[in-house]
Amino acid sequence: MVRRVAVVGAGVSGLAAIKCCLEQGLEPTCFEQSEDIGGLWRYSDQAEEGRASIYRTVFTNSCKEMMCYSDFPFPDDHPNYMHNARLQTYICKYAEHFDLLRHIQFKTLVTKVKKHPDFSVTGQWEVVTRRDGKEEMAVFDAVMVCSGHHVYPNLPLAEFPGIQKFKGFYFHSREYKEPEKFRGKKVLVIGLGNSGCDIAVELSTVASQVYLSSRSGSWVMSRVWDNGYPWDMLIITRFRTWLGNILPRALSDWLYVRGMNRFFKHENFGLMPLNKTSRKEPVFNDDLPSRIACGVVVMKPNVKEFRETSVLFQDGTVQDDVDVVVFATGYSYSYPFMEDDSIIKSRDNQVTLYKGILPPHLEKPTMAVIGLVQSLGPIIPTADLQCRWAVKVFQGQCMLPPVSEMMDDIDEKMGKKLKWYGNSTTLQTDYITYMDELASAIGVKPNMLKLLLTDPRLALEVFFGPCSPYQFRLTGEGKWSGARKAILTQWDRTLR
């Protein structure tokens, strides 16, 4: 029987893990290496070793109705998209409301997680932690890895010939905090992800010129969508997911590209993705098109070579007098505390997890990796539902298929990902499909037919309206009495 659970990290996933354990009568102990909760969302002026790092002006890309914990809405008066400091306040209120802080050991680094000698019988883990220079080892019945995947920067310098002779200053976007020190400089930002675009736009207000280099282009979306409503409340709906699944692929692709080009034609702005029908995660930036139109951000293809003070691009153009290069080249997934890294990366050094959570080859299913999926949907409700599923698995209330079937399921999903997102290493998944899969397994997916017969007003809002997190608290274990009202009043809070 699983009783004692170790939770690694006290960010949004770790807090959800603690709460789910407590609700199921388990005893969680959370180890957090910093002195506070919040993980990625806790801003600090310097990038800290082993911790995610954000810049001062980070705002959320998901709106408040879509990204809250499923039984803890944001206050009515909060804006739809929030600055990191306001989100951190919400996270702290969540921890206080559910009395989670007493289960967290702060300033405690997990240095090693390894199988107990009798793991094949007990499924137990030995967890070694370090605090104030002292190491301790404790045995746990299960482990929930909630350490995030924006910690270890990916800086692929080998892919950029000549970088060693470049005389300017270069660094990974993880180190970036604010723009003032770049005033009057010529800056090249490499990478067209959310960070790269945010940093390029912010620097364009102080730098003499910003160049934004992209290898493969990307769709760029605005947070503000049709009629000024939040994009995700209009796009992440059960109706649209259902439509996307039944339409022929060619028609679905055409509609997708048309939708992405509705505000500006990406081709004209040098942003068009190479694989234009790929559903890979778009970039959210309200200002980039206008910055390009004003000439303060100039789009460039991939870098071919660095020289002492200039940069040669793939299209043959050369940019002289570049002072600074920001590598917004993402992060790698690393678990330095895992004694056997192949538990999580069991195939070709790629993350291989059943339902995106469970290492499939374990003799006993007593480890869960939380938050290691990406979708067009928000991470907080995703992690929340992942934790609810994982705890049920630990307790044997959610039965798993044989290993061969779990591997087949992983392969089948990878095939679909390649088709839709065009990248084998992706953690990308369709938000509603994924959430419903987990919810079905633990009996909390809303039953549309039953709802239509018993509560047609709610049924219509659930199907045609935004797939907000409250939907997964309408029924089953963990049901929240405020869920129905939260769904029926979500547009009121958005307008407020």
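Within the stretch 118-128, is there a residue that is touching a helix residue (DSSP H, G or I) at 6+ places or on another chain (Cβ under 8 Å), touching a residue at least 60 places away in the same chain (Cβ under 8 Å) and not assigned by the TED database to the domain that holds Ala368?
Keep residues of the stretch 118-128 that are touching a helix residue (DSSP H, G or I) at 6+ places or on another chain (Cβ under 8 Å), which gives 125.
Those still in the list that are touching a residue at least 60 places away in the same chain (Cβ under 8 Å) too: 125.
Now drop any that are not not assigned by the TED database to the domain that holds Ala368, which leaves none.
No.
Are any residues in the stretch 294-306 under 21 Å from His172 (Cβ atoms) and open to solvent by 60 Å² or more (accessible area, probe 1.4 Å), and if so, which ones?
Result: Lys304, single match.
Is the stretch 241-252 home to any residue that is assigned by the TED database to the domain that holds Val298 and farther than 25 Å from Asn268 by Cβ?
Within the stretch 241-252, not a single residue is assigned by the TED database to the domain that holds Val298 and farther than 25 Å from Asn268 by Cβ.
Which of (1) assigned to a loop (DSSP other than H, G, I, E, B); (2) not assigned by the TED database to the domain that holds Val201 does Val257 not meet, given it meets every other one?
If we test Val257 against (1) assigned to a loop (DSSP other than H, G, I, E, B); (2) not assigned by the TED database to the domain that holds Val201, just (1) comes out false.
Check off (1) out of contact with any Ser or Thr (no Cβ under 7 Å at 6 or more places or on another chain); (2) closer than 18 Å to Gln164 by Cα; (3) buried (at least 20 other Cβ atoms within 10 Å of the Cβ) for Val326 and give me the number that stays unchecked.
Val326 satisfies all of (1) out of contact with any Ser or Thr (no Cβ under 7 Å at 6 or more places or on another chain); (2) closer than 18 Å to Gln164 by Cα; (3) buried (at least 20 other Cβ atoms within 10 Å of the Cβ) except (1).
Do you know which residues across the stretch 333-358 are hydroxyl-bearing (Ser, Thr, Tyr) and either open to solvent by 50 Å² or more (accessible area, probe 1.4 Å) or modelled with pLDDT of 90 or more (or both)?
Within the stretch 333-358, Tyr333, Ser342, Tyr354 meet the criteria.
If you go through the stretch 373-399, how many residues are at positive phi and among the aliphatic types (A, V, I, L, M)?
0
If I ask for residues that are among the aliphatic types (A, V, I, L, M), surrounded by fewer than 16 Cβ atoms within 10 Å (Cβ to Cβ) and within 27 Å of Ser204 (Cβ to Cβ), which ones from the stretch 236-293 would you list?
Residues satisfying the conditions are Leu274, Ala293.
Out of the stretch 1-36, which residues are among the acidic types (Asp, Glu) and either open to solvent by less than 10 Å² (accessible area, probe 1.4 Å) or closer than 22 Å to Leu372 by Cα (or both)?
Correct list: Glu32, Asp36.
Only one residue in Gln319, Gln374 is surrounded by 18 or more Cβ atoms within 10 Å (Cβ to Cβ), over 30 Å from Asp118 (Cβ atoms) and at pLDDT below 95, so which one is that?
After applying the criteria, what remains is Gln374.
Which one is most open to solvent (accessible area, probe 1.4 Å) among residues in the stretch 412-445 that are in contact with an Asp or Glu (Cβ under 9 Å, 6 or more places away or on another chain), modelled with pLDDT of 65 or more and part of a loop (DSSP other than H, G, I, E, B)?
Among residues in the stretch 412-445 that are in contact with an Asp or Glu (Cβ under 9 Å, 6 or more places away or on another chain), modelled with pLDDT of 65 or more and part of a loop (DSSP other than H, G, I, E, B), the one most open to solvent (accessible area, probe 1.4 Å) is Lys445.
Kindly check whether there is at least one residue in the stretch 274-291 that is touching a residue at least 60 places away in the same chain (Cβ under 8 Å), of a type in the set (Val, Ile, Thr) and either farther than 17 Å from Ile432 by Cβ or in contact with a His (Cβ under 8 Å, 6 or more places away or on another chain) (or both).
Yes, because at least one residue in the stretch 274-291 is touching a residue at least 60 places away in the same chain (Cβ under 8 Å), of a type in the set (Val, Ile, Thr) and either farther than 17 Å from Ile432 by Cβ or in contact with a His (Cβ under 8 Å, 6 or more places away or on another chain) (or both).
Count, please, the residues in the stretch 178-212 that happen to be under 20 Å from the mean Cα position of the chain (by Cα) and either more than 21 Å from Thr60 (Cβ to Cβ) or open to solvent by 10 Å² or more (accessible area, probe 1.4 Å) (or both).
Going through the stretch 178-212 one residue at a time, the tally reaches 6.
Any residue in the stretch 19-35 that is within 16 Å of Phe140 (Cβ to Cβ) and touching a residue at least 60 places away in the same chain (Cβ under 8 Å) sitting within a Cβ distance under 7 Å of a residue that is part of a helix (DSSP H, G or I) and among the charged types (D, E, K, R)? List the pairs, counting only those 6 or more apart or interchain.
Within 7 Å, the pairs are Cys20/Arg388.
Sort out which residues of the stretch 3-21 are out of contact with any Cys (no Cβ under 7 Å at 6 or more places or on another chain) and either among the basic types (Lys, Arg) or in a strand (DSSP E or B) (or both), and write them in order of number. Steps first, answer last, please.
First, the residues of the stretch 3-21 that are out of contact with any Cys (no Cβ under 7 Å at 6 or more places or on another chain): 3-4, 6, 12, 15, 19, 21.
Answer for the stretch 3-21, where residues must be out of contact with any Cys (no Cβ under 7 Å at 6 or more places or on another chain) and either among the basic types (Lys, Arg) or in a strand (DSSP E or B) (or both): Arg3, Arg4, Ala6, Lys19.
Where residues in the stretch 112-148 are in contact with a Gly (Cβ under 7 Å, 6 or more places away or on another chain) and more than 13 Å from Val5 (Cα to Cα), which of them is surrounded by the fewest Cβ atoms within 10 Å (Cβ to Cβ)?
Here the answer is Gly148.
List pairs: first in the stretch 169-183 and farther than 13 Å from Ile199 by Cβ and in the same structural domain as Cys197 (by the TED database), second of a type in the set (Ser, Thr, Tyr) and at pLDDT 95 or above, Cβ under 9 Å, 6+ apart or cross-chain?
Close Cβ pairs (under 9 Å, with a partner that is of a type in the set (Ser, Thr, Tyr) and at pLDDT 95 or above) amount to Arg183/Ser208.
The values are calculated or read from the model by the stated rules, or taken from the named source; none is laboratory data. Model, not experiment: these values are computed from the prediction. Here the Cβ is made from the backbone with ideal geometry for all residues, glycine too, and neighbour counts use every protein chain on show. Surface areas here come from the heavy atoms of the whole protein model, side chains and all, with no ligands, DNA or RNA. Shrake-Rupley method; radii C 1.70, N 1.55, O 1.52, S 1.80 Å.
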